[in-house]
């Protein structure tokens, strides 16, 4: 997979994204139901994520996880465990969780699905005014559970898409309050910019 990896900057220790989510999107006009249709061009990572999330093609999980390992696994050598970003949409099988589990397997470290959990609903982020309000809202919705042994860990949060960074910032801020976590790294499959 060809990627255009980019560093993503935020309150976390270090973060990377594989590639842009889309490279071009041209409106084609409304369909028979009045919904606008688009001709969207995606880089390989964006297309793989699209097929996984919206076409339920879980064969893309090992491809994405392997590319994440190949692209920035060396930057996260101190990481002792992986945490998937809590999903915002309930699905029978969560794409981000599957990517995180496969990445952790490839790196030979555990993945903790039950460490950072979304414990309350939030309104759609597009309906919340400022970035600060988004972070505050999300921090109120996330909980970090004490599921680790007595060691101190560097952790990697894996998410699918980096947009404003508000969800990753909220997750990082919550995890900073957990005394068994030292450095917090982030990795996403795609980014909006």
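The values are calculated or read from the model by the stated rules, or taken from the named source; none is laboratory data. Keep in mind that what you see is a predicted model, and the values were worked out from it rather than measured. Here the Cβ is made from the backbone with ideal geometry for all residues, glycine too, and neighbour counts use every protein chain on show.
Matching residues to (1) surrounded by fewer than 16 Cβ atoms within 10 Å (Cβ to Cβ); (2) in contact with a helix residue (DSSP H, G or I) (Cβ under 8 Å, 6 or more places away or on another chain):
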| residue | (1), (2) |
| --- | --- |
| 2 | yes, yes |
| 20 | no, yes |
| 26 | yes, no |
| 32 | yes, no |
| 36 | yes, no |
| 53 | no, yes |
| 56 | yes, no |
| 68 | no, yes |
| 78 | yes, no |
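In this structure, residue 96 does satisfy being modelled with pLDDT of 95 or more and touching a strand residue (DSSP E or B) at 6+ places or on another chain (Cβ under 8 Å).
Restricted to the stretch 113-127, and to residues there that are within 25 Å of residue 50 (Cα to Cα) and in contact with a helix residue (DSSP H, G or I) (Cβ under 9 Å, 6 or more places away or on another chain), the residue that is surrounded by the most Cβ atoms within 10 Å (Cβ to Cβ) is 116.
The number of residues in the stretch 148-161 that are crowded, with 21+ Cβ neighbours inside 10 Å and touching a helix residue (DSSP H, G or I) at 6+ places or on another chain (Cβ under 7 Å) comes to 5.
Restricting attention to the stretch 151-175, the residues that are within 22 Å of residue 46 (Cβ to Cβ) and either without any contact (Cβ under 8 Å) to a residue 12 or more places away in the chain or in contact with a strand residue (DSSP E or B) (Cβ under 8 Å, 6 or more places away or on another chain) (or both) total 10. Tell me, please, whether a residue that is closer than 15 Å to residue 190 by Cα, assigned to a strand (DSSP E or B) and either touching a strand residue (DSSP E or B) at 6+ places or on another chain (Cβ under 8 Å) or modelled with pLDDT of 90 or more (or both) can be found in the stretch 23-32. Yes, some residue in the stretch 23-32 is closer than 15 Å to residue 190 by Cα, assigned to a strand (DSSP E or B) and either touching a strand residue (DSSP E or B) at 6+ places or on another chain (Cβ under 8 Å) or modelled with pLDDT of 90 or more (or both).
Determine if the stretch 133-150 includes at least one residue that is outside any helix (DSSP H, G or I), under 28 Å from residue 51 (Cα atoms) and either at pLDDT below 95 or in contact with a strand residue (DSSP E or B) (Cβ under 8 Å, 6 or more places away or on another chain) (or both). Scanning the stretch 133-150, I find at least one residue that is outside any helix (DSSP H, G or I), under 28 Å from residue 51 (Cα atoms) and either at pLDDT below 95 or in contact with a strand residue (DSSP E or B) (Cβ under 8 Å, 6 or more places away or on another chain) (or both), so the answer is yes. Taking the listed residues 164, 188, 172, the one that is assigned to a strand (DSSP E or B) and within 20 Å of residue 15 (Cα to Cα) is 188, with no other qualifying. Out of everything in the stretch 80-104 that is surrounded by fewer than 18 Cβ atoms within 10 Å (Cβ to Cβ) and within 17 Å of the chain's Cα centre (by Cα), what residue ends up being nearest to residue 181 (Cα to Cα)? Result: 87.
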